[in-house]
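Reading through the structure tokens given below for one structure.
The values are calculated or read from the model by the stated rules, or taken from the named source; none is laboratory data. This one's a predicted model, so the numbers in the text were calculated from it and none came from an experiment. Every residue, glycine among them, receives a Cβ derived from its backbone with ideal geometry; neighbour counts consider all protein chains shown. Areas reflect the complete protein model, heavy atoms only, side chains present, ligands, DNA and RNA absent. Shrake-Rupley method; radii C 1.70, N 1.55, O 1.52, S 1.80 Å.
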Amino acid sequence: MQGRIYLDQAATSWPKPECVYEAVDQYQRLLGAAAGRGGYAEAVEVSQRVHAARAAVARLLGAERPENVVFAFNGTDALNTAIHGGLAGGGHVITTVAEHNSVLRPLRALERDGRIEVTRLAVAGEGVVEPDEVRRALRSDTALIAVTHASNVTGAIQPAAEIGAIAREAGVLFLLDAAQTAGELPINVRQLQVDMLAAPGHKGLLGPLGTGVLYIRPGVELRVDSLRQGGTGSFSEDDEQPAVLPDKYEAGNLNVPGILGLRAGVEWIIDKGLESLRTESMALSQRLLDRLRETEGITVYGPTPARDRIGLVSFTSGPIDSHEFAAILDSAYRVQGRAGLHCAPLVHKAIGTFALGGTLRLSWGPFNTLAEIDHAADAIGEVSLQAVKTG
């Protein structure tokens with residue numbers, strides 16, 4: 001095996017489909033206009049392509065219409081819009097210890113200011129929250145349930161549909177963090193009964209960095225304030241932020257080259273077929289899980305069946321610090337993963353890896369192969385065996 005084996009797709013996808021590079025380059029070289037900011041040919045073309053990008057994301061997520069897809073600067077920006085905007089009136093929040101800091105930190109900031117109270121639900125051994133625990137945590141003042149669709153540490157897929165049904169029955173806003181699942185799992189926001197879904201554009205959706213999406217269910221915009229106000233290219237005669245979607249949440253110029261690249265990535269996924277891509281990802285997951293089970297000194301975290309997890313595996317090696325292990329894999333074998341707490345400290349505490357400094361996570365995408373997974377497993381085995389011998 002020669003060259004770089006990139007297995008950090010949970011952080012950002014690479015490589016992208018060729019059409020993503022072409023879309024960004026074409027915009028930069030030939031179009032170069034802002035969206036909604038002019039009536040000349042290139043500006044109109046850009047606005048049409050941005051709308052087509054919105055429509056592609058809406059199709060992938062099963063959204064009611066393109067306007068219910070808001071473009072953000074990244075997944076964290078989308079989550080902050082949903083959390084701060086949805087909790088402007090305060091109230092009680094239910095979340096889990098499996099969350100990323102992009103959910104934990106906004107909630108902690110609002111909690112510290114005395115604006116909200118937060119219930120953080122525990123997860124079972126494999127990293128899954130029990131829907132009944134969500135139901136039991138409901139209060140008369142519960143305003144928001146915020147749950148990750150899948151852990152970026154254990155890979156465990158959460159029971160989003162069951163939680164969505166509980167939230168809808170209670171009349172509570174349900175925010176789903178799809179940072180690790182958009183483009184990886186089939187998602188239909190109406191079937192899951194989510195009110196808001198946030199995702200970065202640069203991970204499973206295969207777009208460029210600096211892009212994100214926030215789905216907002218029709219009517220929910222009446223309950224969610226905007227964080228920023230400014231120019232939208234619409235309703236310019238009014239000095240108040242428009243109340244309509246998506247303008248309410250898109251103040252200022254959009255990242256048009258990123259959005260057009262995102263459109264290309266999403267359309268590539270639709271063309272390939274998400275079910276087919278998911279099957280391929282599960283095959284890689286199962287191969288690595290099977291190989292690591294046979295490797296002395298390795299502890300794997302999260303669900304055992306590949307169908308219950310997304311395309312990532314986190315593990316520790318007793319004798320070796322995860323950061324050191326990652327450095328050896330990169331320098332000696334050109335296998336690149338991510339070691340540490342993965343911006344998700346509470347789930348590491350839950351699975352017992354916080355004091356160890358976290359885990360080493362390998363994650364894959366549509367361009368990784370079984371041969372690369374086998375090479376990574378061979379490398380892990382060699383490093384682990386040497387560590388055991390020198391122990």
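Once C-alpha pairs closer than 8 Å and six or more residues apart are averaged by separation and normalised to the residue number of the chain, the relative contact order reads 23 percent. For S317, the accessible surface of its heavy atoms amounts to roughly 10 Å² (probe 1.4 Å, protein chains only, rounded to the nearest 10).
If you take the square roots of the eigenvalues of the alpha-carbon gyration tensor of the stretch 70-123 and sort them as a ≥ b ≥ c, do you get rounded (a/c under 1.5), prolate (a/b over b/c) or oblate? Cα axes put the stretch 70-123 in the oblate bin. Each peptide in 368-381, 29-42 gets a packing score, the mean of other Cβ atoms within 10 Å over its residues, and the list from highest to lowest is 368-381, 29-42.
Of R139, R291, R105, R309, the order by accessible heavy-atom surface (1.4 Å probe, DNA, RNA and ligands excluded), from most exposed downward, is R105, R139, R291, R309.
Remark: the R334-D25 segment gains 108.3 nm on full extension, using 0.36 nm per residue and subtracting the alpha carbon distance.
Only aspartates and glutamates eight or more places from K349 in sequence, or on another chain, were considered; those with a Cα closer than 15 Å are E99, E126. Each 5 Å bin from zero holds the following percent of Cα-Cα pairs in the stretch 22-118: 2, 11, 15, 15, 14, 13, 10, 9, 7, 3, 0. Farthest towards the positive end of the charge dipole of the stretch 11-133, among the residues V44, A56, V118, is the Cα of V44, using unit charges on the Cβ of Lys, Arg, Asp and Glu. Packing here is the average count of other Cβ atoms within 10 Å per residue, and on that basis the peptides 220-227, 108-115, 66-73, highest first, run 66-73, 220-227, 108-115.
Per-atom-type breakdown for the stretch 1-62 gives carbon and sulfur 50% of the accessible area (1.4 Å probe, protein chains only).
Our summary of shape: the Cα atoms of the stretch 53-211 have principal axis extents of 39, 32, 28 Å, ordered from largest down, in whole angstrom. Taking the Cα centre of the chain as reference, the dipole from Cβ charges on Lys and Arg (+1) and Asp and Glu (-1) amounts to some 280 debye. Once the Cβ-Cβ distance of R115 and T390 is raised to the sixth power relative to R0 = 45 Å, the FRET efficiency obtained is 0.25. With a/c under 1.5 counting as rounded, go ahead and sort the chain into rounded, prolate or oblate using the C-alpha gyration tensor (a ≥ b ≥ c being the square roots of the eigenvalues; past the cut-off, prolate if a/b is larger than b/c, else oblate). Oblate, since a/c reaches 1.5 and b/c is not below a/b.
Calculated accessible area for the chain comes out at 41 Å² per residue, all protein chains present (probe 1.4 Å; ligands, DNA, RNA ignored). Using the Cβ-Cβ distance between D321 and R4 with R0 = 25 Å, the FRET efficiency computed as 1/(1 + (r/R0)^6) comes to roughly 0.65.
Take every Cα pair under 8 Å whose residues are at least 6 apart in sequence, average their separation, divide by the length of the stretch 274-391, and the relative contact order is 33 percent.
Given R₀ = 41 Å, FRET efficiency for F354-E237 by Cβ-Cβ distance, to 0.05? Given R0 = 41 Å and the Cβ-Cβ separation, E is 0.15. Apolar share of the accessible surface for the stretch 289-391: 52 percent from carbon plus sulfur atoms, 1.4 Å probe. Taking Lys and Arg as +1 and Asp and Glu as -1, the other residues whose beta-carbon sits under 12 Å from that of A161 total +1.
The portion of the accessible surface of the stretch 123-238 made up by carbon and sulfur, rounded to a whole percent, is 47 (1.4 Å probe; DNA, RNA and ligands excluded).
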